[in-house]
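Here it is, the structure in full.
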Amino acid sequence: MPFVSKDETIMRKPIKLIPLLLLALLLSSFTHILRPGDMTKNKETVDRYMSAFNQKDHAAILACLTEEVIWELPGVYQHKGKAAFDKEIENEGFSGKPVIKVSRMVEENDVVIAEGTVQATTKDGVVVNLVFCDVFEMENGLIKKLISYLMPIPDKK
């Protein structure tokens, strides 16, 4: 075994600590990012909107919208204004409350994009499972335009 001087032994210890310090710094950064209450005003609005939709709370949903809001489901409909939006909340083809789960939400320049799943029940009792990607255009912390992209999840058989 080669001789290791006292100076070389001292020099090796800080090098072993560097990865641990970097890991601690990285983990502290992630906990800061993931802390509740760190959402932007726009993301908080979208979060309130999704929660209200799960409860079919019309007043809470409408409170998240501008007066001239547009809701578009490409190729299916485009509703303009709160009154038209309100009518679509109670889609006549469905009953009960939907179960909306957001898996990811990102924001850039007053646009919030939310991805997730929706489970809803039709009037005749059929459970429908969908994935969604909603694009929210925001104005002063309210939803100005919503484009909803929906796709059914095929049954696993």
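The values are calculated or read from the model by the stated rules, or taken from the named source; none is laboratory data. Note that the coordinates shown come from a computational prediction; the quantities given were computed from them, not determined experimentally. Here the Cβ is made from the backbone with ideal geometry for all residues, glycine too, and neighbour counts use every protein chain on show.
Considering only segment 136-157, state which residues are in contact with a Ser or Thr (Cβ under 9 Å, 6 or more places away or on another chain) and either charged (D, E, K, R) or farther than 16 Å from Phe53 by Cα (or both).
Within segment 136-157, Met138, Glu139, Asn140, Gly141, Lys144, Lys145, Ile153 meet the criteria.
So that you can scan it fast, the table gives a plain yes or no per residue for (1) in contact with a Phe, Trp or Tyr (Cβ under 9 Å, 6 or more places away or on another chain); (2) at pLDDT 95 or above:
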| site | (1), (2) |
| --- | --- |
| Leu22 | no, no |
| Ser28 | no, no |
| Ile33 | no, no |
| Asp38 | no, no |
| Lys41 | no, yes |
| Ile70 | yes, yes |
| Lys80 | yes, yes |
| Asp86 | no, no |
| Asn91 | no, no |
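Any idea which of (1) touching a residue at least 40 places away in the same chain (Cβ under 8 Å); (2) among the aliphatic types (A, V, I, L, M); (3) touching a Ser or Thr at 6+ places or on another chain (Cβ under 8 Å) is the one Val127 doesn't satisfy?
(1)
Shifting gears a bit: In segment 106-141, what count of residues is obtained for those that are among the polar types (S, T, N, Q), modelled with pLDDT under 95 and on the phi > 0 side of the Ramachandran plot?
Of the residues in that region, 1 qualify.
Same structure again: Quickly run through segment 84-100 and pick out the residues that are in contact with a strand residue (DSSP E or B) (Cβ under 6 Å, 6 or more places away or on another chain) and β-branched (Val, Ile, Thr).
Answer for segment 84-100, where residues must be in contact with a strand residue (DSSP E or B) (Cβ under 6 Å, 6 or more places away or on another chain) and β-branched (Val, Ile, Thr): Val99, Ile100.
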